[in-house]
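Presented below is the structure to which this report refers.
The values are calculated or read from the model by the stated rules, or taken from the named source; none is laboratory data. This one's a predicted model, so the numbers in the text were calculated from it and none came from an experiment. Virtual Cβ from ideal backbone geometry, glycine too; neighbours counted across all protein chains shown. Protein only, heavy atoms only, side chains kept; ligands, DNA and RNA dropped before computing areas. Shrake-Rupley method; radii C 1.70, N 1.55, O 1.52, S 1.80 Å.
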Amino acid sequence: MRRLRRNEKFRAMVRETRLDAGAFIYPMFVCPGAGVRNDISSMPGQFSMSVDNAVSLAQIAERVGVGGIMLFGIPEEKDEVGSGAYADDGIVQEALRAIRENVRDLILVTDVCLCEYTSHGHCGVIKNGDVENDPTLELLAKAALSHVRAGADMVAPSDMMDGRVGAIRSGLDTAGFTDIPIMSYAAKYASAFYGPFREAAGSTPQFGDRRSYQMDPPNAREALREIELDLAEGADIVMIKPAMAYLDIIARAREAFQAPIAAYQVSGEYAMIEAAAANGWLDRERTILETATAIKRAGADILITYYALQLAEMVK
Ligand code: PBG
């Protein structure tokens with residue numbers, strides 16, 4: 001076996017998995033104000049930014065050649081029903097208009113969820129202490145439609161309510177946006193790895209947790225059912241999240257479905273690598289490349305990662 005490992009020329013020739021910047025999506029956090037660039041302490045190197053700075057960063061993303069960016073909003077105010085998620089002058093809507101004006105060669109994706117906009121931090125509306133499924137669908141469809149009206153090329157619902165893909169699809173179709181694809185967070189697990197994100201978005205649930213809607217980590221067959229349902233409702237791309245601890249799910253989904261699969265290397269995965277690298281315990285660049293490659297090798301077509309910009313430079 002060593003004959004084909006002898007030098008980089010041979011290794012490159014027989015390499016089975018290659019990374020390509022066009023398949024990377026870079027998540028960004030947008031907040032109110034001007035000239036704002038706040039550190040996210042558990043995600044060194046990542047920031048929440050006002051629209052002006054988000055535009056500059058989007059231009060960098062375009063220049064390095066990543067396929068797209070995914071926007072998360074941190075609103076000025078939160079309320080019980082997450083109105084900021086579907087307000088025409090909401091933070092993501094404002095960011096979309098500004099970025100769309102300045103950036104052409106980048107797919108603008110939005111995360112569609114209520115948790116960053118609700119005072120209680122849950123991904124849906126609350127009744128009697130519980131997250132209500134069907135009343136939430138209407139609000140998600142409204143949020144998706146307002147994103148598309150503001151310039152989104154694709155919407156990515158991350159709430160894990162049942163039936164949201166169908167509700168969003170019909171909302172978009174009815175409004176004439178039949179050409180806008182949906183990338184659903186189809187198999188999204190109730191994971192400890194979202195911790196740093198919740199610091200960034202201020203979206204930690206004020207009571208309880210997300211286990212009544214996000215998936216139970218021990219379940220794999222259930223992920224295939226989730227994906228099957230989302231595809232039946234009209235999802236164009238299905239996502240698995242987190243990535244590294246769920247490579248088996250990615251591989252099984254790859255075997256079972258022909259649709260494009262995205263995987264999200266989440267905030268906690270980023271934080272782990274950064275912390276170890278800062279301590280000199282891991283080689284940062286090699287770890288970034290190796291984890292991205294592993295996610296791709298498992299079967300993901302699209303990689304959503306906070307390392308998208310660095311990776312794009314590395315794989316040039
Ligand atoms: C919103 C949402 C979350 C993430 C993406 N969309 C947080 C959550 O479900 O609590 C996590 C992303 C990350 O950790 O990088 N529902």
(Q) Considering only protein heavy atoms and a probe of 1.4 Å, how much of the accessible area of region 85-186 is carbon and sulfur, as a whole percent? (A) 46
Q. Helix 267-278 versus the longest principal axis of the chain: what is the Cα-based angle in degrees, 0 to 90, to the nearest 10?
A. 40
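Give the longest segment of the chain that steers clear of chymotrypsin sites (Phe, Trp or Tyr not before Pro) in DSSP loops with at most 15 neighbouring Cβ atoms within 10 Å, not counting the sites themselves.
Values: sites that count: Phe207, Trp281.
With chymotrypsin sites (Phe, Trp or Tyr not before Pro) excluded where exposed in loops, the chain gives 1-206 as its longest stretch.
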Q. Which of the lysines could a cross-linker bridge to Lys296, judged by Cα under 23 Å and excluding same-chain residues fewer than eight apart?
A. Lys9, Lys188, Lys241, Lys316
Q. Are there trypsin sites (Lys or Arg not before Pro) in region 148-239 that DSSP puts in a loop and that have at most 15 other Cβ atoms within 10 Å, and which ones?
A. Arg211
Q. With a ≥ b ≥ c the root eigenvalues of the C-alpha gyration tensor of region 170-238, is it rounded (a/c under 1.5), prolate (a/b larger than b/c) or oblate?
A. oblate
Q. Per the Debye formula with a single identical scatterer at each Cα and no solvent contribution, what log10 I(q)/I(0) holds for region 18-239 at q = 0.17 Å⁻¹?
A. -1.30
Q: Would you please give the FRET efficiency between Glu76 and Glu101, computed as 1/(1 + (r/R0)^6) with r the Cβ-Cβ distance and R0 = 22 Å, to the nearest 0.05?
A: 0.50
(Q) Counting only protein heavy atoms and a 1.4 Å probe, tell me what percentage of region 216-316's accessible area is made up of carbon and sulfur. (A) 51
Q. Which of the trypsin sites (Lys or Arg not before Pro) found in region 2-55 are in a DSSP loop and have at most 14 neighbouring Cβ atoms, other than their own, within 10 Å?
A. Arg6, Arg15, Arg18
**Q.** Gain in span if fully extended, Trp281 to Thr178, counting 0.36 nm per residue against the direct Cα distance
**A.** 32.2 nm
